[in-house]
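A short write-up of the structure that comes next.
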Amino acid sequence: MKTNRFSFSPLLHGLAGAALLALAGCSTINAHTTEYVGVPHFAPSNAANVEVLRREPTRPHVRLGEVLVDASVEPPPAITDVEQKLREETASIGGDAAVVVYDRIQPVAAYVEGPLWDRDIRSVEGRKLKAIVIKYQ
């Protein structure tokens, strides 16, 4: 008697890959805010009024802290989404502006692709951004 064996392995791998891609599409931009020690605490400000600057302003101000944004998600987010996240984090500690001091696209991971006899190492790039949060005086 001949038995047919059906393997679910390729099907399960395909479904797992599709689920992983769906989850990656739902990823959000990560951010971490650090308030400086010894700086007065301010009430949260309105994110819509927060300025994103590339240079330190000439107006008198006080530095409140730093925001680190990791926009290393697939697909890469629009720059407007990255700036909005920066504005929200800045507003959360009462900042009026975020002065961007670091904005780089850099390798953040690597993976191996291909069969055992012909492998290729691919790198994954991501965007990292750092800003100083300031409050105008």
task = Go through the residues of the stretch 72-90 one by one and say whether even a single one is buried (at least 17 other Cβ atoms within 10 Å of the Cβ), within 19 Å of T33 (Cα to Cα), hydrophobic (A, V, I, L, M, F, W, C) and at pLDDT 95 or above.
result = yes
message = Please determine whether any residue of the stretch 93-104 is free of Cβ contacts under 8 Å to residues at least 40 places away in the same chain and either of a type in the set (A, V, I, L, M) or surrounded by fewer than 10 Cβ atoms within 10 Å (Cβ to Cβ) (or both).
response = yes
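If I go through the stretch 36-79 residue by residue, how many of them are polar (S, T, N, Q) and either closer than 19 Å to Q106 by Cα or free of Cβ contacts under 8 Å to residues at least 12 places away in the same chain (or both)? Give the derivation first.
Start the filter on the stretch 36-79 by keeping residues that are polar (S, T, N, Q), which leaves 45-46, 49, 58, 72.
So of that shortlist, the ones also either closer than 19 Å to Q106 by Cα or free of Cβ contacts under 8 Å to residues at least 12 places away in the same chain (or both) come out as 58, 72.
Selection size over the stretch 36-79: 2.
Can you tell me which residue is modelled with the lowest pLDDT among those in the stretch 29-41 that are in contact with a strand residue (DSSP E or B) (Cβ under 6 Å, 6 or more places away or on another chain) and closer than 18 Å to Q137 by Cβ? If you could, list the steps in order and put the result at the bottom.
Filtering the stretch 29-41 for residues in contact with a strand residue (DSSP E or B) (Cβ under 6 Å, 6 or more places away or on another chain) gives 30-36, 39.
With the extra rule that they be closer than 18 Å to Q137 by Cβ, the set shrinks to 35-36, 39.
Working: E35: 96, Y36: 96, V39: 93.
The extreme case among them is V39.
Would you point out which residue out of V82, V124, V108 is over 14 Å from G65 (Cα atoms), free of Cβ contacts under 8 Å to residues at least 40 places away in the same chain and of a type in the set (A, V, I, L, M)?
On the way: V82 fails: free of Cβ contacts under 8 Å to residues at least 40 places away in the same chain; V124 fails: free of Cβ contacts under 8 Å to residues at least 40 places away in the same chain.
Result of the check over V82, V124, V108: V108.
The values are calculated or read from the model by the stated rules, or taken from the named source; none is laboratory data. Computed from a predicted model, the values in this text were never measured in an experiment. Every residue, glycine as well, gets a Cβ built from its backbone with ideal geometry; the counts of neighbours run over all protein chains shown.
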